[in-house]
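**Q** This is the structure I have questions about; it appears just below.
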Amino acid sequence: MFNMGNKGLFTFLVTLFMLTAFASNAQEGESIFNSKCATCHAPHKDMTGPKLFEVRQKWEEGGAMEGSLYQWVKNWQVAAATDPYAKEVADWAPSAMTTFADLSNEQIDAIFNYVDEQPLPGAGGGESAAGGEMVASTNTQENDLGWIWYILGAVFLVVIFSVGGVKRQLQELDEDAGKEIKVGSKAWMFKNRKYIGMVGLVVVMAGVTWLLVGLNQVGVVTGYQPSQPIAFPHDKHAGINGIDCKYCHNSANKSKSAGIPTTNVCMNCHKQIQGEGDQVEKIKKIYKSAGFSPEGGGKYSGETENIVWNKVHQLPDHVYFNHSQHVEVGGIDCKQCHGDMTKQKELPRVVPVEELNKIEGNIQLTKATLTMGWCIECHGVKEVSSGPIEGKGGYYDEIHKRLLENDETLYEEYLEDGKVTVDELGGWECAKCHY
Ligand code: HEC
Ligand code: HEC
Ligand code: HEC
Ligand code: HEC
Ligand code: HEC
Ligand code: HEC
């Protein structure tokens with residue numbers, strides 16, 4: 001009976017492994033596809049861009065140069081300039097594709113693997129999804145997260161080997177104690193304690209995996225740059241014309257979200273500034289949204305229509321992030337997290353951490369922007385101010401006082417490196433960031 005259970009447990013663990021491995025590769029391809037490509041592409045249907053199903057085969061058969069497809073996704077202009085096949089593809093539509101310089105070849109393959117796994121709507125089951133593609137898919141997985149599987153593999157082996165020893169001890173225990181146990185739920189739990197223990201272990205392992213994968217979701221959001229209804233140039237507004245960020249993002253220092261300006265804010269200036277050359281067409285879009293016609297001194301029709309801006313920075317729903325806590329209380333500049341927007345020509349994006357590190361005055365971090373590792377890393381190094389700061393002194397004095405009263409030795413430990421960091425105030429507690 002025990003041996004049977006043992007085998008069952010083994011199969012269960014192996015299955016769990018395989019499921020986690022496949023789920024997370026499919027998940028990576030799927031999440032990149034959905035966040036970066038799905039606005040223009042579908043697997044089986046032409047939209048703004050052509051359908052992507054089996055596009056790798058298509059390029060290969062069409063005689064594209066090797067590596068040119070990766071190049072295309074990273075920067076189609078470069079591909080079109082170097083590969084005649086890519087040049088033809090570029091003429092497919094008058095609209096152009098976004099560039100994705102931050103995607104790695106492995107991530108691009110993960111996207112195509114995901115796309116090729118999507119069955120034709122209506123048809124039974126996309127046969128072409130199987131076979132060779134699955135192999136490629138597992139390889140990518142190993143490249144990206146190989147070390148996690150090695151660690152888990154080791155844990156797994158330890159579990160399997162220790163089962164033998166545990167089994168013997170438990171059998172001895174069983175002989176003494178087993179008879180005294182009465183029927184009922186407690187007895188059931190006691191009798192099956194080895195299984196319950198095992199299941200508990202598996203749950204913990206799954207949790208650790210989930211956490212590690214979460215910490216290392218590198219590149220899933222980095223570089224994300226959606227298209228926008230109006231190519232709004234930050235450099236001309238916040239740079240050349242020196243408009244303060246908070247004129248438009250007016251809640252960044254007051255509340256959780258920074259806020260995106262409404263058409264009325266644009267109209268404060270653009271009622272007069274009608275633009276010249278190719279600016280005119282863009283600014284007409286503002287007028288359309290405001291229901292404004294500039295002719296004859298300007299008239300409002302009353303028919304308004306919101307400009308729907310696509311969100312660039314977006315944390316998952318289970319994460320809590322507050323702008324005013326960072327900008328106002330923490331005194332962190334926008335460029336620490338968003339890069340230098342005064343130089344951003346158009347289309348804001350999630351700026352990769354390597355670029356953020358090059359900006360003068362920024363805290364140097366290593367984890368990909370907007371991942372959990374990134375938040376945690378900064379909380380581990382960023383000092384919360386002490387002593388009087390204009391307007392905020394009271395707040396920090398209060399924090400230091402509270403820490404001191406709470407636990408003096410702990411407070412001294414905190415101060416050993418001469419500073420109190422965000423994590424020492426609780427900035428690493430799961431519940432601070434997760435609902
Ligand atoms: C803003 C819209 C847009 C986005 C976003 C976009 N594409 Fe495209 N894509 C296009 C257009 C348009 C074309 C057709 C080429 C052209 O006319 O410039 C294209 C062409 C392609 C092609 C060549 C297709 C063929 O049939 O040869 C591939 C491959 C491709 N895109 C992959 C991607 C991937 C992968 C992503 C996400 C990482 C993506 N695209 C995001 C608009 C987009
Ligand atoms: C400083 C803020 C912060 C703290 C503290 C924090 N997290 Fe997170 N966590 C995040 C962010 C941000 C994400 C989303 C990352 C992403 O989308 O790549 C996340 C994502 C996750 C995910 C999901 C990964 C995924 O694939 O979406 C898990 C699981 C998780 N966190 C668990 C934890 C646990 C457990 C703790 C406590 C030990 C914790 N977090 C503490 C910010 C935090
Ligand atoms: C004249 C108004 C205006 C000013 C000034 C301005 N912005 Fe913006 N900002 C916008 C608009 C409109 C959008 C949405 C359109 C877009 O994403 O291109 C935006 C988008 C953004 C985004 C991306 C939001 C998202 O969806 O994640 C960031 C980050 C940002 N701004 C930061 C800044 C910073 C930092 C400054 C100051 C250096 C600044 N902005 C100044 C109007 C403004
Ligand atoms: C405080 C004044 C002010 C506000 C508010 C303002 N703009 Fe502008 N905008 C300008 C000025 C000045 C220019 C001309 C820049 C130049 O030519 O150097 C301009 C230029 C533009 C252009 C043409 C850029 C180009 O050269 O292609 C667009 C598009 C534009 N604004 C959109 C917006 C939108 C959308 C909003 C609201 C979210 C907005 N502006 C809010 C002052 C403003
Ligand atoms: C500590 C990092 C950090 C700093 C500093 C920061 N932001 Fe953000 N910003 C974020 C994150 C994270 C998001 C995504 C929030 C979400 O999805 O809930 C975001 C989102 C935004 C957005 C999109 C709209 C919104 O509120 O979600 C705008 C606009 C923006 N930030 C502007 C600014 C401006 C302007 C400043 C400076 C005054 C600033 N940010 C400072 C991290 C930061
Ligand atoms: C550049 C550094 C930096 C980054 C990146 C950063 N934070 Fe913070 N965070 C701070 C500082 C500094 C404070 C402390 C502000 C204060 O003094 O209360 C803070 C405080 C917090 C708090 C309140 C903690 C408490 O103890 O009350 C939360 C929640 C939080 N951050 C969430 C996030 C999340 C989620 C992210 C990632 C999306 C993030 N932070 C990224 C610097 C950062």
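**Q** Could you grab the pairs with beta carbons closer than 7 Å, sequence gap of 6+ or different chains, first residue in segment 296-308 and within 9 Å of Thr263 (Cβ to Cβ) and modelled with pLDDT of 85 or more, second one among the aliphatic types (A, V, I, L, M) and not in a strand (DSSP E or B)?
**A** Thr304/Ala290; Ile307/Ile230
**Q** Right, another one. From the list Lys288, Lys246, Lys254, pick out the single residue that is closer than 30 Å to Lys432 by Cβ, at pLDDT 90 or above and over 24 Å from the mean Cα position of the chain (by Cα).
**A** Answer to the check: Lys246.
**Q** Which of the residues that make up segment 59-105 are in a helix (DSSP H, G or I) and exposed (fewer than 15 other Cβ atoms within 10 Å of the Cβ)?
**A** Filtering segment 59-105 for residues in a helix (DSSP H, G or I) gives 59-61, 68-74, 76-82, 84-90, 105.
Within segment 59-105, Glu60, Glu61, Gln77, Ala81, Thr82, Pro84, Lys87, Glu88 meet the criteria.
**Q** Scan (1) within 18 Å of Gln228 (Cβ to Cβ); (2) within 14 Å of ligand 3 (Cβ to nearest atom) for the single condition Lys284 breaks and write down its number.
**A** That leaves (2) as the condition not met.
Condition check ((1) in contact with a His (Cβ under 7 Å, 6 or more places away or on another chain); (2) within 16 Å of ligand 2 (Cβ to nearest atom)) across all residues:
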{"site": "Ile307", "(1), (2)": "no, no"}
{"site": "Val312", "(1), (2)": "no, yes"}
{"site": "His318", "(1), (2)": "yes, yes"}
{"site": "Gln325", "(1), (2)": "no, yes"}
{"site": "Gly331", "(1), (2)": "no, no"}
{"site": "Lys335", "(1), (2)": "no, no"}
{"site": "Gly339", "(1), (2)": "no, no"}
{"site": "Lys343", "(1), (2)": "no, no"}
{"site": "Leu347", "(1), (2)": "no, no"}
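**Q** Looking at segment 33-48, can you tell me whether even one residue there is more than 30 Å from the chain's Cα centre (by Cα) and modelled with pLDDT of 80 or more? Spell out how you get there, then give the answer.
**A** Going through segment 33-48, the residues more than 30 Å from the chain's Cα centre (by Cα) turn out to be none.
There is no residue in segment 33-48 that is more than 30 Å from the chain's Cα centre (by Cα) and modelled with pLDDT of 80 or more.
The values are calculated or read from the model by the stated rules, or taken from the named source; none is laboratory data. Just so it is clear, the model here is predicted, and its values are computed rather than measured. Here Cβ is always computed from backbone atoms with ideal geometry, including for glycine, and neighbour counts include all displayed protein chains.
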